[in-house]
1. For the stretch 177-204, how many residues meet the condition of being over 23 Å from residue 390 (Cβ atoms) and surrounded by 16 or more Cβ atoms within 10 Å (Cβ to Cβ)?
2. Do we find that residue 46 is assigned to a helix (DSSP H, G or I), surrounded by fewer than 20 Cβ atoms within 10 Å (Cβ to Cβ) and modelled with pLDDT of 50 or more in this structure?
3. For a quick check of your reading: which strands (runs of 3 or more DSSP E) sit entirely within the stretch 323-415 and have at least 1 residues that are touching a helix residue (DSSP H, G or I) at 6+ places or on another chain (Cβ under 6 Å) and under 23 Å from residue 312 (Cα atoms)?
4. Do we have residue 342 as more than 19 Å from residue 412 (Cα to Cα) and without any contact (Cβ under 8 Å) to a residue 60 or more places away in the chain here?
5. Considering (1) assigned to a strand (DSSP E or B); (2) within 21 Å of the chain's Cα centre (by Cα), say which one residue 301 fails and leave the rest.
6. Against the conditions (1) under 29 Å from residue 145 (Cβ atoms); (2) within 12 Å of the chain's Cα centre (by Cα), where does residue 396 fall short? Just the number, please.
7. If you go through the stretch 228-241 one residue at a time, how many are in contact with a helix residue (DSSP H, G or I) (Cβ under 8 Å, 6 or more places away or on another chain) and surrounded by fewer than 16 Cβ atoms within 10 Å (Cβ to Cβ)?
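The values are calculated or read from the model by the stated rules, or taken from the named source; none is laboratory data. What you see is a predicted model; the values in this text were computed from it and never measured. Reconstructed Cβ throughout: ideal geometry from the backbone, glycine too, with neighbour counts over all protein chains shown.
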């Protein structure tokens with residue numbers, strides 16, 4: 001029974017959020033930027049879609065006040081009259097070649113001068129969103145801002161489709177592009193296995209025992225890594241990709257285990273007589289995890305191979321679903337306790353070196369936070385008013401952006 005309720009805690013899914021933008025920041029003066037479309041191929045629908053995607057990416061950069069008006073012009077012509085007073089103009093040209101590949105040429109204009117010129121090419125226009133993300137990334141680099149490498153990465157998530165049925169989907173961070181990589185049965189908790197995102201681990205709950213599986217996205221082939229009674233979830237992969245943190249309950253008691261990818265051996269990392277789950281690497285020798293050893297879920301840390309445990313969070317009475325990056329930990333905390341209506345669960349950021357604490361969200365059920373590899377952003381699930389959304393928090397800019405999932409409910413995510 002304990003394992004059952006722990007699993008419910010880990011896979012709890014409700015509906016979610018407004019598909020707009022949450023801004024928790026004072027208005028600031030930012031340079032203006034406008035977009036100009038000089039495309040010579042494709043219909044108006046595709047051109048409009050590309051424009052909106054690129055404008056949204058520039059908005060997420062949080063470096064500009066982005067003008068939302070659509071303008072068409074010649075690629076080598078003058079800046080359109082309406083954009084004469086803009087600090088920057090981004091002009092782009094979409095061209096389809098004889099092989100049906102999408103070619104994109106851009107120029108960033110400032111003070112009537114071309115300050116950045118780039119070309120891009122993809123063989124399948126269906127993944128046009130990643131071209132838009134790459135353009136935004138390159139402009140961010142040109143502006144000298146901290147890297148937004150996460151923009152070009154793929155997100156992987158599990159979507160509940162019906163009772164005991166789910167799909168694992170690879171998407172971009174805005175959910176505009178989605179590819180179902182695995183369907184059939186109940187497959188949950190996908191976790192990227194490596195930095196180049198060519199494989200992932202996931203939990204398969206369709207058989208007699210929960211299985212941890214590994215799927216190669218290049219070949220589509222999967223293999224069983226480990227099985228266990230009770231629970232089997234990969235919650236984190238070490239930086240060198242050699243160690244996994246697993247939540248297992250072979251004897252009915254959920255604990256965090258350390259699995260060595262090379263030797264295929266595992267050992268118990270926590271030994272409390274209650275619930276320890278959701279291990280996360282803080283560094284190669286230290287993990288954070290969720291435990292009920294205070295009588296309610298809270299965040300703790302410990303050195304691997306030692307018995308001493310340290311409480312990390314002193315704010316909130318139901319703290320769960322954490323992610324770590326360097327000295328910082330983001331976690332989910334219940335903000336209300338109402339037996340007759342939905343409760344609010346917000347995300348908070350803490351430092352392991354100071355008493356620093358910062359609330360990152362304000363409404364709804366916010367869960368499954370995941371740091372980007374560079375720590376610049378946090379990906380999370382927002383459940384609010386019968387809709388599920390993927391959220392991005394830009395920590396350095398103190399802004400939240402939401403992207404709705406139109407079908408199904410997001411169960412867990414990784415990037």
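1. First, the residues of the stretch 177-204 that are over 23 Å from residue 390 (Cβ atoms): 184-185, 204.
Keeping just the survivors that are surrounded by 16 or more Cβ atoms within 10 Å (Cβ to Cβ) gives 204.
Total satisfying the criteria: 1.
2. Working: assigned to a helix (DSSP H, G or I): yes; surrounded by fewer than 20 Cβ atoms within 10 Å (Cβ to Cβ): yes; modelled with pLDDT of 50 or more: yes.
Against the criterion (assigned to a helix (DSSP H, G or I), surrounded by fewer than 20 Cβ atoms within 10 Å (Cβ to Cβ) and modelled with pLDDT of 50 or more), residue 46 qualifies.
3. Numbers: elements: 328-334, 345-351, 357-359, 365-371, 377-384, 387-394, 399-405, 409-414.
Here the list reads 377-384.
4. Working: more than 19 Å from residue 412 (Cα to Cα): yes; without any contact (Cβ under 8 Å) to a residue 60 or more places away in the chain: no.
No, not satisfied.
5. (2)
6. Failed condition: (2).
7. Here is the first cut: in the stretch 228-241, the residues in contact with a helix residue (DSSP H, G or I) (Cβ under 8 Å, 6 or more places away or on another chain) are 230-231, 233.
Adding the requirement that they be surrounded by fewer than 16 Cβ atoms within 10 Å (Cβ to Cβ) leaves none.
The number of residues fulfilling the criteria is 0.
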